[in-house]
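Heads up, the thing below is written out as structure tokens.
The values are calculated or read from the model by the stated rules, or taken from the named source; none is laboratory data. Not measured: the values here are computed from a predicted model. So basically every Cβ, Gly included, is an ideal-geometry build from the backbone, and we count neighbours across all protein chains shown.
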Amino acid sequence: MSLPIFLIGARGCGKTTVGEALSQALGYAFTDTDHHLQLSTQRSVTEIVEAEGWEGFRARETESLKAVTAPRTVIATGGGMILAEENCRFMQEQGQVIWLSASPEVLAERLESEPEAAQRPTLTGRPIADEMSDVLRERAHLYQAAAHHQVNAMQAPECVVEEILLSLSLARAS
Ligand SMILES: Nc1ncnc2c1ncn2[C@@H]1O[C@H](COP(=O)(O)OP(=O)(O)O)[C@@H](O)[C@H]1O
Ligand SMILES: O=C(O)C1=C[C@@H](OP(=O)(O)O)[C@@H](O)[C@H](O)C1
Ligand SMILES: [Mg+2]
């Protein structure tokens, strides 16, 4: 199998962390839509949002998704990638889509200890724990609908990688 693998899920679920490890396990390239955007614009997510609003960022995110998609590549997407139906359709048609699923409590705990403010400007203006509950309430059905596979992201990164590899091999065998 050489199709690209797209990791989706809320901020802090581990798309970037797990994506790198998964790419090594598969001997695939690794790319991250936010990193691509930062390199191509020489601006952080926060700077893009300040200059162009979330609407501007979302349009650039769609371009970034298309630019990085290639065979034998693991692609960590930004948490809001599933907000545009166009992006969901594109990922489903081009490769395998994996949802790294975690509770709002676990996500908030990770983001509180490692906020990375330049990467994650506030989405709602609310405290992080409330924000993650709100975001998951709004987006869980979108992650679910977009994904070919759902994995439990509340375990150690190497275990998440194992679960993804198992899902992909089961899908291949069926
Ligand atoms: N499975 C995991 N267990 C514990 N901490 C994790 C796990 N995955 C990611 N993290 C931590 O959570 C934070 C966000 O991870 P990151 O990979 O940037 O998530 P995302 O790209 O989905 O926003 C980082 O500090 C990272 O070290
Ligand atoms: O959930 C979101 O809307 C966002 C998640 C971020 O990516 P991570 O999920 O990698 O943190 C980044 O794309 C941007 O801040 C918007
Ligand atoms: Mg990320």
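Got a sec? Which of A117, A108, A51, A84 is in contact with a helix residue (DSSP H, G or I) (Cβ under 7 Å, 6 or more places away or on another chain) and either more than 27 Å from I164 (Cβ to Cβ) or of a type in the set (D, E) (or both)? On inspection, the qualifying residue turns out to be A117.
Within the range 1-53, the set of residues being of a type in the set (F, W, Y) and touching a residue at least 60 places away in the same chain (Cβ under 8 Å) comprises just one member, F6. In the range 76-98 there is no residue matching the filter, namely being under 26 Å from L39 (Cβ atoms), among the charged types (D, E, K, R) and within 15 Å of ligand 1 (Cβ to nearest atom). The set of residues from the range 93-126 being out of contact with any strand residue (DSSP E or B) (no Cβ under 9 Å at 6 or more places or on another chain), away from ligand 3 (no atom under 15 Å from the Cβ) and not charged (D, E, K, R) comprises S103, P104, V106, A108, S113, T122, T124, G125.
Quick grid of which residues meet (1) within 15 Å of ligand 2 (Cβ to nearest atom); (2) in contact with a Gly (Cβ under 8 Å, 6 or more places away or on another chain); (3) under 23 Å from I5 (Cβ atoms):
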{"position": "A51", "(1), (2), (3)": "yes, no, no"}
{"position": "T62", "(1), (2), (3)": "yes, no, yes"}
{"position": "T69", "(1), (2), (3)": "no, yes, yes"}
{"position": "A76", "(1), (2), (3)": "yes, yes, yes"}
{"position": "C88", "(1), (2), (3)": "yes, no, yes"}
{"position": "S101", "(1), (2), (3)": "yes, yes, yes"}
{"position": "L107", "(1), (2), (3)": "yes, yes, yes"}
{"position": "G125", "(1), (2), (3)": "yes, no, no"}
{"position": "E163", "(1), (2), (3)": "no, no, yes"}
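Pick from the range 148-174 the residues that are at pLDDT 95 or above and in a loop (DSSP other than H, G, I, E, B): which of them is nearest to the chain's Cα centre (by Cα)? Ranking the candidates gives A153 first.
Among the residues making up the range 21-42, those that are under 21 Å from A117 (Cα atoms) and surrounded by fewer than 18 Cβ atoms within 10 Å (Cβ to Cβ) are H35, L39, S40, T41, Q42.
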